[in-house]
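Just so you know, all these numbers are worked out from the coordinates, no wet-lab data involved. None of the values given here were measured: they were computed from a predicted structure. So basically every Cβ, Gly included, is an ideal-geometry build from the backbone, and we count neighbours across all protein chains shown.
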Amino acid sequence: RAAAIAAAPLEPGALADGTPVQILANVGKPADGERAIELGAEGVGLFRTEFLFLDTDTAPSVEEQTKVYTELFTHFAGKKVVARVLDAGADKPLAFLTDVHEPNPALGLRGLRVLRENEQILRDQLQALVAAGEASGAEVWVMAPMVSDAGESAYFTALARELGVRVAGSMVEVPSAAILCEQILETSDFVSIGTNDLTQYTMAADRLLGSVAAFQDPWHPAVLRLVQSVGAAGAATGKRVGVCGEAAADPALAVVLVGLGMHSLSMAPPAFAEVRAALKGVTLEQARAKAKAAVAASSAHEAREAAANA
Ligand code: PEP
Ligand code: MG
């Protein structure tokens, strides 16, 4: 620990030509904050708040939430922290939100959909996130999971603003949101792509099912074309777009994602060093050439090869 703290601070993420790419951490609990900072996180790109309440039977109070969020945010005073509101779903059931009897929970009442039906829980969480931001000095951005169109993003942004959130965004994890991303950005301050779910829904392959794991590949050109649509929407609206799914932790894919227009990449901190090094090795022009080659491929395997050879 002492050696890591004594080491020279890491430079912010960037391509060979100096194009900045923010390198952010995926975290799930306060203890993750210290490690993320040690490894050079420029902030948090995805705080999976639901992880804190997986064993809780009743909705947590505003006070209880404020306390635990402040504990995490304090590590990031002066830095950006993107907190995702509760994403209860098939893989992460919350006793106080999830109906476990749905026949097909990945396609059910999850993410923002279930929060909207339980608005007081959402209001309490937004209030706690704002209070924790004020108490810690972190720059708190808040985003909603499983947004499927601009009506949903407009709902979330309006509610977040009412409760004092300064920067309110939407996740792009449903193909409809990627296709209509420009409309979503007109009603959001930023978007962040969840490539795990975006791949699951694009390929119609349950991310929890080993027998279809081969389909769960974010290199698939169908997924990359949706990322491209998000990158184009970011450029058209001048708003920030990033990735916070596992795809960002794959160094070669990270380069392609930046070539498709992503401004930030959020990942588990152990992946930082390799991703930073890969980004440092290409110019924006080279990243765009690799992205163009990958998008034109007809399979995930071909996309990997095409990007490597471009
Ligand atoms: C994703 O879907 O890619 C994502 C970042 O969210 P989660 O993995 O928590 O569903
Ligand atoms: Mg997701």
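Note on GLU162 and ALA135: the model spin-label points, each 7 Å out from Cα along the C-beta direction, lie 2.4 nm apart. Rounded to 0.05, the FRET efficiency of the ALA252 and ALA31 pair, given R0 = 25 Å and the Cβ-Cβ distance, is 0.25. Assuming charge only on the beta carbon of Lys and Arg (+1) and of Asp and Glu (-1), the dipole of the chain about its Cα centre is about 740 debye to the nearest 20. Considering only DSSP beta bridges with both partners in the chain, what is the antiparallel share in %, to the nearest 5? Given both bridge residues lie in the chain, the antiparallel proportion sits at roughly 5 percent. Label positions at ALA289 and LEU107, each projected 7 Å from the Cα along the C-beta direction, are separated by 4.3 nm. Extension gain, ALA235 to GLU11: 0.36 nm times the residue separation minus the Cα-Cα distance gives 78.1 nm.
Computed from the C-beta positions of GLU117 and ALA95, the FRET efficiency with R₀ = 22 Å rounds to 0.90. The amide H of LEU15, built 1.01 Å from its N in the peptide plane, has VAL21 as neighbours under 5 Å, considering only residues 5 or more places off or on other chains.
Put a plus charge on the Cβ of each Lys and Arg, a minus charge on the Cβ of each Asp and Glu, and nothing anywhere else: the dipole of segment 22-130 about its Cα centre is then about 380 debye. Of the residues THR237, LEU180, GLY210, the one whose Cα sits farthest toward the positive end of the charge dipole of segment 140-280, with +1 on the Cβ of Lys and Arg and -1 on the Cβ of Asp and Glu, is THR237. Residue ranges 298-305, 51-58, 154-161 sort as 154-161, 298-305, 51-58 when ordered by packing (mean number of other C-beta atoms within 10 Å per residue, highest first). Among THR195, THR187, sorting on how many other beta-carbon atoms sit within 10 Å of each Cβ, with the fewest leading, yields THR187, THR195. Can you give me the Cα centroid spacing of segment 177-230 and segment 54-117 in angstrom? Answer, in whole Å: 21. Given R₀ = 22 Å, what would the calculated FRET efficiency be for ALA277 paired with ALA213, taking r from the Cβ atoms and rounding to 0.05? With R0 = 22 Å, the Cβ-Cβ based efficiency is 0.20. By the count of other C-beta atoms within 10 Å, a proxy for reagent exposure, LEU284, LEU107 are ordered fewest to most as LEU107, LEU284.
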